Amino acid sequence: MKTFVKDLKDKDHVESYFLVRTKSTPLTKGGKPYLALMLGDRSGAIEARMWDNVDSIIDSFQIDDFVRVRGTVNLYQKRKQLIIGEISKISKKDINPTDFLPSSKYEVDVMFKNLLIIVNGMKNKYLRQLVLDTIEDPEIKPKYLKCPAARTIHHNWVGGLLEHTLSISKMMLFMASHYENLDLDLLIVGAIFHDIGKIWELSYESNVSYTDVGRLVGHLVLGSELIEKKASLIKGFPEELKNICKHIVLSHHGKYEYGSPKRPKILEAFIVSYIDDLDSKIAALQGFILSEKNKSDGQAISWTGHSSVFDRYFFIRKDNSGGREASANEGSTDDLHL
């Protein structure tokens, strides 16, 4: 029987299988190495420690492997921690993939329908056709509905890419209504194409990992190539407009050091870059706060642990009913309705 992270309680004796999310071998104060892991499944993650016999098992598994663990849960500084007695690598065929791939709280068919409403409202016939020909492509659509938006940081669940895309698209509607002289159609193209290359960059059958083409090429280039391919099939598609669309995708990480081969050089590309970053960070922070609350085993905590992503601790307000944590893990599909 699989025991999920969210169900683990203080003093529980555990024998179950998990995904290795992080792995390191720091030293104790006495200079002895120990094994520090983050183990996870679709319900969340838990820190794990192994103090003995580390040398004999350290090379037997790696990050993104599945492992069978026997151990005991205890509370350390008000957070759950799994103390490992035994650990061993197991094959993917020995696990149930649905145990490790969380799903969006929203129905993907409803999200896709709402995205189509936005797309069908686009004024530029070339851009509208470009988007429709892409997201309704029978080879692309199934991947697009399932793909996560990232491996670990944000929207890393089935349907996460679509959820992230719809969220950004809705924000673009506001941006175009609030600021003058913005091309809403270009903003929508940026919202939809900026991460679409992740349907090939990521593998998401049993756990989220990178594909060969993802590591060798990456989603920015894959998205730009997709625009080139689809635009070339639309009669009369303007060359300059195609290059602008490609520029928005290629520049959406904002800086060279963040992986963009180009920095944003038109206003719409600038906006896509910042709104993508904002939506990603909000989702990541909401998920982190919820995860920290779950680790406390029901005990009230005022501060989270240290976030390696944001390099800080976060204060948890008592009136914060989770800081809208429900939006990180549970809620009504109506929340993303137009």
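Quick rundown of the values:
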quantity: Residues (touching a strand residue (DSSP E or B) at 6+ places or on another chain (Cβ under 6 Å) and basic (Lys, Arg)) located in region 50-78; calculated: Arg68, Arg70
quantity: Counted residues, region 228-250 - those being over 18 Å from Ala150 (Cα atoms) and either among the aliphatic types (A, V, I, L, M) or surrounded by 16 or more Cβ atoms within 10 Å (Cβ to Cβ) (or both); calculated: 12
quantity: Wholly enclosed helices (runs of 4 or more DSSP H) of region 87-151 bearing at least 3 residues farther than 19 Å from Leu233 by Cα; calculated: 108-120, 141-146
quantity: Residues being open to solvent by less than 80 Å² (accessible area, probe 1.4 Å) and of a type in the set (D, E, K, R) - total across region 23-65; calculated: 6
quantity: Members of region 86-106 found to be touching a strand residue (DSSP E or B) at 6+ places or on another chain (Cβ under 9 Å), at pLDDT below 90 and under 19 Å from Val69 (Cβ atoms), listed by number; calculated: Lys92, Asp94, Ile95, Asp99, Phe100
quantity: Selection within region 276-312 - of a type in the set (Val, Ile, Thr), open to solvent by 30 Å² or more (accessible area, probe 1.4 Å) and over 17 Å from Asn156 (Cβ atoms); calculated: none
quantity: Residues located in region 1-22, provided they are part of a loop (DSSP other than H, G, I, E, B) and open to solvent by 40 Å² or more (accessible area, probe 1.4 Å); calculated: Met1, Thr3, Lys9, Asp10, Lys11, Asp12
quantity: Some residue of region 168-187 being under 14 Å from Ile275 (Cβ atoms), under 16 Å from the mean Cα position of the chain (by Cα) and part of a helix (DSSP H, G or I); calculated: yes
quantity: Members of region 207-217 found to be surrounded by 18 or more Cβ atoms within 10 Å (Cβ to Cβ) and not in a helix (DSSP H, G or I), listed by number; calculated: Asn207, Val208
quantity: Number of the condition not met by Gly160 [criteria: (1) of a type in the set (Gly, Ala, Ser); (2) free of Cβ contacts under 8 Å to residues at least 24 places away in the same chain; (3) more than 25 Å from Ile244 (Cα to Cα)]; calculated: (2)
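For every residue, the table says whether it meets (1) touching a residue at least 60 places away in the same chain (Cβ under 8 Å); (2) closer than 30 Å to Asp65 by Cβ; (3) assigned to a helix (DSSP H, G or I).
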site	(1), (2), (3)
Trp200	no, yes, yes
Ala231	yes, no, yes
His252	yes, no, no
Pro261	no, no, no
Lys293	no, yes, yes
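The values are calculated or read from the model by the stated rules, or taken from the named source; none is laboratory data. It should be emphasised that the depicted structure is a prediction, and the values quoted were computed from it without experimental measurement. So basically every Cβ, Gly included, is an ideal-geometry build from the backbone, and we count neighbours across all protein chains shown. Quick note on the areas: whole protein, heavy atoms, side chains included, nothing else; ligands and nucleic acids left out. Shrake-Rupley method; radii C 1.70, N 1.55, O 1.52, S 1.80 Å.
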